[in-house]
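First up is the structure itself, then whatever we jot down about it.
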Amino acid sequence: MISPPVDLDDRALAARALAGHQDAYAVLMRRHRDAVWRLARSHVGDADEALDITQEVFVAAFAALARYDGARPFRTWIARITLNKCRDWGRRRAVRRFFAFARPIDEAGEIADAAPDPEQAAQSQRELARINAAIAALPASLKDVLLLRTIEAMSQADTAALLGLSEKAVETRLYRARAKLSAALGE
């Protein structure tokens, strides 16, 4: 039996996966799952939801693997899918929230609040939640740039290519995102 091709680059792994080698796609998943999860976690603010989104991302990526352009970084391609899945999650959440509030007032007591109780959380957890909330409150155009440049440490050029912007636009949006984040955090 052939061992998983861990020494191959992403383009070769994608080609092997398209040829029917499941071990190649497993290596791609292991290689990129943490980055996908971090990006999803930063975008949606919930670790469990981020795990679900990560699974959706890799299912969608496998289904669309034939459309992957090997001339571009796999990381950029999978990050684009992740951002799309996060936006889908946000739209679904908005619809669920709308219907939750549409219930009769006498049923409102049965709707659980998913927010953690800040009195029971440790100081570091409260601070992290405050930062995540401030990031989540940013407009998507600023949030995407901030997450890709700071959390995922993507280069300005890669971020610009991923989002279809100029490098100067990425620089400007990153500056604005940091300024809004500082203002929201009271720094």
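The values are calculated or read from the model by the stated rules, or taken from the named source; none is laboratory data. Because the structure is predicted, anything quoted here is derived from the model rather than measured. When we count neighbours, we look across all protein chains shown, and the Cβ atoms used for this are built from the backbone with ideal geometry, even at glycine. For the accessible areas, the whole protein counts, side chains as well, though only heavy atoms, and no ligand, DNA or RNA atoms are used. Shrake-Rupley method; radii C 1.70, N 1.55, O 1.52, S 1.80 Å.
Numbers at a glance
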{"read-out": "Count of the stretch 132-158 residues which are open to solvent by less than 50 Å² (accessible area, probe 1.4 Å), touching a residue at least 60 places away in the same chain (Cβ under 8 Å) and not aliphatic (A, V, I, L, M)", "value": "4"}
{"read-out": "Total residues in the stretch 34-65, condition in contact (Cβ under 8 Å) with a residue 12 or more places away in the chain, over 27 Å from LEU181 (Cβ atoms) and open to solvent by 80 Å² or more (accessible area, probe 1.4 Å)", "value": "1"}
{"read-out": "Filtered residues of the stretch 19-33 (kept if aliphatic (A, V, I, L, M), within 10 Å of PHE58 (Cα to Cα) and open to solvent by 70 Å² or more (accessible area, probe 1.4 Å))", "value": "MET29"}
